[in-house]
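Since every read-out is calculated from the coordinates, none of them should be taken as a lab result. All values reported here derive from a predicted model rather than from experimental measurement.
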Amino acid sequence: ENNEGKKDIMRLETHLQEMIAETILKENKEERDNHVSSGKLTAGMLGQPLQWQILKIIGVPGKDMDEYTLRKFKRGNHVEEWVMSHINAVDMQVEVNYRNCIGIIDAIVDTKDWDFKIGVIPHEIKSVTNAKFKRISKEKEADKSHKLQAGLYALALESTSYAIDYVATDDYRIMTYIYNTKDIKEEVKKLWESLPVEAKNPRYKRSLKCLK
């Protein structure tokens with residue numbers, strides 16, 4: 001209220017919100033339309049249901065994401081870019097291939113200035129909500145899917161260790177867990193062996209098109 005006890009006139013303007021929503025949805029559609037499936041399993045899908053992995057391999061597009069979800073991905077990307085600008089990496093966004101399973105390592109870091117000096121290792125950066133950050137901090141354990149993903153990167157690089165960097169999106173706190181690659185190696189191997197032949201050999205991709 002103003003000094004005269006009357007409410008100030010307020011108009012709710014939605015132009016900026018709608019303009020950004022339209023842009024985000026348009027960009028996502030263009031990206032999906034132009035995407036060509038590699039026909040290979042990605043490291044981020046390790047441990048996910050087998051049917052999802054098969055559909056990924058044969059190039060079946062996933063469900064369209066709504067604007068809210070896309071905004072969350074944008075926020076996560078911004079947070080991860082900020083971390084990568086401070087991490088002093090030897091290399092960034094490095095594509096690797098391990099047994100026909102592909103992935104992109106966020107950063108490869110020389111740990112000579114870190115608490116644990118264990119050479120050059122891959123880092124997987126994950127942005128999470130403050131609530132999840134609190135849970136992970138309490139449990140003192142990274143998510144299994146994140147360990148499988150980062151562990152595969154370490155196997156591809158033949159690195160003895162790997163790191164997972166969790167970043168709280170609300171206040172940018174960071175928590176880094178470092179693991180020995182040998183402790184996840186057998187689990188990654190078992191997951192690989194449980195996959196159908198189509199996932200292990202891209203020559204079989206054509207035979208899967210009947211599932212579309």
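Computed 3J(HN,Hα) for the stretch 165-182, one whole-Hz value per residue from the Karplus formula 6.51 cos²θ - 1.76 cosθ + 1.60 where θ = phi - 60°, is 9, 9, 10, 6, 6, 7, 9, 6, 5, 10, 9, 10, 10, 10, 10, 7, 4, 4, glycine and proline marked x. For SER161, the residues whose amide H sits under 5 Å from its own are THR181, ignoring neighbours fewer than 5 places away on the same chain, with H placed 1.01 Å from N.
Take the alpha carbon gyration tensor of the stretch 59-204, find the square roots of its eigenvalues, order them as a ≥ b ≥ c, and report rounded if a/c is under 1.5; if not, report prolate when a/b exceeds b/c, else oblate. The partial results should precede the final answer.
Working: a/c = 1.65, a/b = 1.14, b/c = 1.45.
Oblate is the answer for the stretch 59-204, as a/c is 1.5 or above yet b/c matches or exceeds a/b.
For the set LYS112/LYS147; LYS63/LYS182; LYS7/LYS74; LYS29/LYS144; LYS63/LYS144, the pairs lying more than 27 angstrom apart at their alpha carbons are LYS63/LYS182; LYS7/LYS74; LYS29/LYS144. 3J(HN,Hα) along the stretch 110-127, derived from phi through the Karplus expression 6.51 cos²θ - 1.76 cosθ + 1.60 where θ = phi - 60°, amounts to 8, 8, 4, 9, 8, 4, 9, 8, 10, x, 8, 9, x, 10, 10, 9, 10, 8 Hz, with x in place of Gly and Pro. Whole-Hz Karplus values for the stretch 75-81 come out as 4, x, 4, 5, 5, 5, 5 Hz, taken residue by residue from phi with 6.51 cos²θ - 1.76 cosθ + 1.60 and θ = phi - 60°; glycine and proline positions read x.
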